[in-house]
Structure formats: structure tokens, C-alpha cells
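For reference, the structure discussed in these notes is given below.
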């Protein structure tokens, strides 16, 4: 299965990268002709998009469509939707990095930091980064609106994408507000566009949303939660080389993660007070916070939670009326996502 999954991921990645380059190339040509002064804005967003890696969202999209059976006339639409998902992620990352004040993304300057250097003005850099995200959003909507599908399936795709977009924006709002329900934030902010949305789009494109939507929703929701929890673990205990971002950023931003919530619930009062004082402090010592999380058993508990969520995903596939090859791809992707090291 590993070799088959690797071949599938490689094929999806190649198709997605090729489509992204065509779409971004056309946008670059349009700007060069109409507003060349704005080209650095698009170039910075393009650089971030193309230094992405695994393309898991398009892979889940394609795997969900295959799980419904032959993709038939939806093949080109799936390619367009895979590229749209990646551009949508870039738009979210650009805005997220600016909100969080993160200067690094995927091992290079984040878009607002790169544009601040380009314009030699942090405010102009921030403004044009926000606009770069908005520009990508417009490109995404054009892609989704023009996918070549019969009317009923096209409407289902538009509705699935609207749901995805609404949920992730609401989730980001809850994150900014430090809402206490961490799993709700994970479900809306990450699960919506990382797992649930791609799967819903794949089913909508092949006309299988009504037949398989409920079955794969039971697969998608725990996988989205596991994806974010794995991100939290990597952000706390990984390395910059693994994550492409400075480790401990969530500590300094004071984010309510599953790890910190667990620690604050299980530490003795003195340690709890120390952790509370450090969270949200710009000079929070990462090693000290890590030690407190370990002392509270947060890392082990999170790993156990990821494993449990992974089993829920696989259990949801059992007995579902899925094409065997597609079901096997979904199971393989679930294992990759829950066990990933970066």
C-alpha cells in the first residue's frame, strides 16, 4: 500500500503543481499588462504557494472522488479544485502569519515580512500581504466558478466550497478570540479546509455527495482534529527544520492549544501559575514551557488522542459502500496524516 500511496501522491502533486503554475502564470501576465507595480504582491504569494510540499488537500479530494467509483468527466474539474484548495490555503496562511506576527513560513520569510523588505516599509508590507491573500481568494473563486461540470454537480461544488470558506473564517475568528473550546476551533479552522472540505468537494464533483457524504463525514471530522493536534505537537516539540516556522510560536502568542489546555488542567497550582504567566509572553522560554507540558503528561495524552482519532477514521471506512481502491487511498492518507513528522 505504501508504494501505491506514494505513486498516487506523486501523481496528484505533479498535476496540482502544473495547474498552479499555469493559473499563477496567467495571473502574472494579467498584472504585468494591467498593473505591473502590483507584481511583487503576486510574486510573493506565488513563491509561498510553490514552496509548499505534500499537497495533501488535493490528494484527499482525488481519493474521495475515487472512493465513489470512476471519476469520469470530473477529472479536469478535480485538477482545478485541487489547485484552488492550494491557493486557498496560501491565502489563509498569508493572513494567519500577519495576524500571528510570524516572520517565517515554510523555511522562508512569510509574505508580509517579504513584502515589508520589498517596500522597505512594514505597514505597506502588511497591507499588500493582506491584499495578496485577497487576490488569491479572487483567483480561487474564478477557478471554482468555472470548473466544467454539469449544472447540478457544479452547484454542489459551489455550495461545498462556500461551506468550507465560511467555516474556516469563523474558526479563525474563534482562534483570534482565544475561545476556550479548542476542538471547535480545530474542527472549524483546520478540519474544514484540510479534510472535510476537500472530501466534500471530491464527492460533489462526481455526484456522490448524497450517497456517501454521511459516511465520509464520519471519516473526515476526526481526521481534521488529528491533523491539527499533530500540528500542535510539532509546533511544541518539533524543530524549525520540520515545521518551517520558529518552534514555540504558539506559546508566545498565548494560543489555546489542546496541549496547553491539558497542562493547565493537570498541573499543580504553582506550575499552573508559571505556565499561565509564560503563555502569551513574547519572551516565553520554549524549553521551560515544554518541560511543564511534559510534566503535565500533555504530550503523551495528545499522542494517545491522535491515535484514537486515527482509529475512528479507519473504523468509519469499514462497511461503507466505497470503491476498494479509493477506500484504501483514504486509509493510507489517514495514516500519513496522523503519523507525520512534519
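The values are calculated or read from the model by the stated rules, or taken from the named source; none is laboratory data. Owing to the predicted nature of the structure, the values given are computational and were not obtained by experimental measurement. Reconstructed Cβ throughout: ideal geometry from the backbone, glycine too, with neighbour counts over all protein chains shown.
Filtering region 305-342 down to residues that are closer than 28 Å to residue 105 by Cα and loosely packed, with under 14 Cβ neighbours inside 10 Å, which residue is modelled with the highest pLDDT?
Here the answer is 307.
When region 269-282 is examined, which residues are found to be in contact with a helix residue (DSSP H, G or I) (Cβ under 9 Å, 6 or more places away or on another chain) and farther than 22 Å from residue 176 by Cβ?
271, 272, 274
When residues of region 164-207 are filtered for being farther than 30 Å from residue 265 by Cβ and crowded, with 24+ Cβ neighbours inside 10 Å, how many remain?
10
Over 24 Å from residue 310 (Cα atoms), touching a helix residue (DSSP H, G or I) at 6+ places or on another chain (Cβ under 7 Å), in a helix (DSSP H, G or I) and at pLDDT below 95 - does that describe any residue in region 202-218?
Within region 202-218 (the criterion being over 24 Å from residue 310 (Cα atoms), touching a helix residue (DSSP H, G or I) at 6+ places or on another chain (Cβ under 7 Å), in a helix (DSSP H, G or I) and at pLDDT below 95), the answer is no, since none of the residues qualifies.
Can you pull out every residue in region 82-106 that is surrounded by fewer than 20 Cβ atoms within 10 Å (Cβ to Cβ) and in contact with a strand residue (DSSP E or B) (Cβ under 8 Å, 6 or more places away or on another chain)?
Residue satisfying the conditions is 103 alone.
Each row is one residue, and each column tells you yes or no for (1) in contact (Cβ under 8 Å) with a residue 60 or more places away in the chain; (2) on the phi < 0 side of the Ramachandran plot; (3) buried (at least 18 other Cβ atoms within 10 Å of the Cβ).
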{"site": "4", "(1), (2), (3)": "yes, yes, no"}
{"site": "14", "(1), (2), (3)": "no, yes, no"}
{"site": "18", "(1), (2), (3)": "no, yes, no"}
{"site": "21", "(1), (2), (3)": "no, yes, no"}
{"site": "30", "(1), (2), (3)": "no, yes, no"}
{"site": "37", "(1), (2), (3)": "no, yes, no"}
{"site": "41", "(1), (2), (3)": "yes, yes, yes"}
{"site": "46", "(1), (2), (3)": "no, yes, yes"}
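Those residues that are more than 15 Å from residue 222 (Cα to Cα) and either assigned to a loop (DSSP other than H, G, I, E, B) or in contact (Cβ under 8 Å) with a residue 12 or more places away in the chain (or both), I need them from region 292-304; list them, please.
292, 293, 295, 296, 297, 298, 299, 301
State whether the residues of region 240-254 include one that is farther than 30 Å from residue 108 by Cα, touching a helix residue (DSSP H, G or I) at 6+ places or on another chain (Cβ under 7 Å), free of Cβ contacts under 8 Å to residues at least 40 places away in the same chain and not in a helix (DSSP H, G or I).
Let us first name the residues in region 240-254 that are farther than 30 Å from residue 108 by Cα, namely none.
Within region 240-254, not a single residue is farther than 30 Å from residue 108 by Cα, touching a helix residue (DSSP H, G or I) at 6+ places or on another chain (Cβ under 7 Å), free of Cβ contacts under 8 Å to residues at least 40 places away in the same chain and not in a helix (DSSP H, G or I).
Mind listing whichever residues of region 255-291 are in a loop (DSSP other than H, G, I, E, B), within 20 Å of the chain's Cα centre (by Cα) and modelled with pLDDT of 85 or more?
Selection gives 257 alone.
Considering each residue of region 305-341, count those that are in a helix (DSSP H, G or I) and either farther than 16 Å from residue 228 by Cβ or more than 25 Å from the chain's Cα centre (by Cα) (or both), and give that number.
Counting residues in region 305-341 that are in a helix (DSSP H, G or I) and either farther than 16 Å from residue 228 by Cβ or more than 25 Å from the chain's Cα centre (by Cα) (or both) gives 15.
Does any residue of region 190-199 turn out to be at positive phi and modelled with pLDDT under 95?
Looking for residues that are at positive phi and modelled with pLDDT under 95, one finds none in region 190-199, hence no.
All but one of (1) surrounded by fewer than 20 Cβ atoms within 10 Å (Cβ to Cβ); (2) farther than 21 Å from residue 188 by Cα hold for residue 231; which doesn't?
(2)
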